[in-house]
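Have a look at the structure below, then the notes.
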Amino acid sequence: MSLTLSVDGDRWRRHLLATVTAHPGIVPVAKGNGYGLGLGRLARRAQWLADHAAETGAAVDTIAVGTYDEIGEAATRYSGDLLVLTPWRPFGAALDLDERTAARVVHTVSRPQDLAALRERDPRARFVLEQLTSMRRHGMTRRELATAAEELGRARSGLRGVAMHLPLNTTSHLGEVTRLINEVVASGLPTTTVFVSHLTASELARLATSYPDFTVRPRVGTDLWLGDRGALTVGATVLDVHQVERGDTFGYRGRSVPKSGHIVVVSGGTAHGIGLEAPTGDQSLKARAATLARGGMDAVGFVRSPFSIDGKQRLFAEPPHMQASMLFVPSGARVPRVGEDIDVRVRFTATDFDRVVVS
Ligand SMILES: *Cc1c(COP(=O)(O)O)cnc(C)c1O
């Protein structure tokens, strides 16, 4: 009766071990909804990976969480350092650190004024300095990095490295990363550790050759936890089936069925993150034409759903409800039985499963 993520445990764990073996300095990223698997589960699994260090050669001494608010959930399940990806600011959750975990936190500092403010509040704070990349999300420019280097001087400080967050899907990051590492060298910062995201194995290998005195540590989420999609299956339970004739009404809006078939009610709705991209109730001709043009709607005005039966993607009879969805299956097609699980295509990072079952 659920939207369930089933994980082939052996296969998944094999993939995790292989991934950390291939990336010895890896920093597993456990944030948000835990990539669909749950933040707590990922933190526990990261501890398991750390416990297998002798086998993999990867210490897994640090994991990354997304926000200060996520520290608590990760800290009780994983015993190493917790790098917070959201930059430190002199306000909000960053200032509410639990004393028991504060010493394990590694902050991300992305503005020179925050470096001074953080060190003033906590002289023992450990941190990475974030460098601005072509993403332009957070980070210091070359000049700001030099200012930070001046402030830190040669004194021993909590500096743990420099962090850079790179865009996805660019042809190669090497040009940009090379420029950025050269800026780190030029800044005189007393560190040779660089934390990066979204570099391929061959890009990492090339960097190791170009900068033998630098340690490049990849932060990896998707390719670690979700890297072997074949180990993951998503199923939605069929909760009800109603035979309908053309003209019968159904649903919240009392719409009438355009042709005979079945209404199939399945687990999974907006609360799970299902079908948020579906058009609203706007059924104007123009809106329908636009949706039709995008290939999302059939001739009678039903919208494509992420659910499929026997490999055929089915249409929403109406927009998804909070925890269930109504699908339309035209006559002629096989009608699933109540209790059967059907396939759903989801974005793992935006889906809240009722259950995650790891075999
Ligand atoms: C989310 C995140 C990552 C991990 O990204 P994936 O694509 O899931 O591997 C790495 N670095 C930063 C700063 C992030 O926010």
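State yes or no: is residue 177 within 13 Å of the ligand (Cβ to nearest atom), under 24 Å from residue 29 (Cβ atoms) and in contact (Cβ under 8 Å) with a residue 24 or more places away in the chain? Criteria not met by residue 177. Looking only at residues of the range 44-80 that are closer than 26 Å to residue 268 by Cβ and crowded, with 20+ Cβ neighbours inside 10 Å, we find that the one that is farthest from the ligand (Cβ to nearest atom) is 45. Could you identify the single residue in 61, 114 that is touching an Asp or Glu at 6+ places or on another chain (Cβ under 9 Å) and among the charged types (D, E, K, R)? After ruling out the rest, the residue left standing is 61. Looking across the range 145-174, the residues that are within 15 Å of the ligand (Cβ to nearest atom), closer than 22 Å to residue 222 by Cα and not in a loop (DSSP other than H, G, I, E, B) come down to 162, 163, 164. The residues of the range 137-164 that are buried (at least 20 other Cβ atoms within 10 Å of the Cβ) and either within 23 Å of the chain's Cα centre (by Cα) or not assigned by TED's automatic domain parsing to the domain that holds residue 193 (or both), listed by number, are 139, 162, 163, 164. Scanning the range 81-108 for residues being more than 14 Å from the ligand (Cβ to nearest atom) and either outside the structural domain of residue 125 (by TED's automatic domain parsing) or not hydrophobic (A, V, I, L, M, F, W, C) (or both) gives a total of 10.
Only one of the numbered conditions (1) within 13 Å of the ligand (Cβ to nearest atom); (2) among the polar types (S, T, N, Q); (3) surrounded by fewer than 18 Cβ atoms within 10 Å (Cβ to Cβ) is violated by residue 192, and that is (1). The single condition among (1) under 18 Å from residue 108 (Cβ atoms); (2) of a type in the set (D, E, K, R); (3) surrounded by fewer than 21 Cβ atoms within 10 Å (Cβ to Cβ) that residue 213 does not satisfy is (1). Taking the range 175-197 as the range and being of a type in the set (S, T, N, Q) and either closer than 16 Å to residue 128 by Cα or outside any helix (DSSP H, G or I) (or both) as the test, the residues that pass are 187, 191, 192, 193, 197.
In the set 54, 50, 46, only one residue is hydrophobic (A, V, I, L, M, F, W, C), within 19 Å of the chain's Cα centre (by Cα) and assigned by TED's automatic domain parsing to the domain that holds residue 96; that residue is 46. Quick check: is even one residue across the range 115-128 within 16 Å of the ligand (Cβ to nearest atom) and in the same structural domain as residue 81 (by TED's automatic domain parsing)? Yes, because at least one residue in the range 115-128 is within 16 Å of the ligand (Cβ to nearest atom) and in the same structural domain as residue 81 (by TED's automatic domain parsing). Of the set (1) acidic (Asp, Glu); (2) in contact (Cβ under 8 Å) with a residue 12 or more places away in the chain; (3) surrounded by fewer than 21 Cβ atoms within 10 Å (Cβ to Cβ), all apply to residue 130 but (3).
The values are calculated or read from the model by the stated rules, or taken from the named source; none is laboratory data. Here the structure is a predicted model, which means the values were calculated and not measured. Counting neighbours? That spans all protein chains shown, and the Cβs are built from the backbone with ideal geometry, glycine included.
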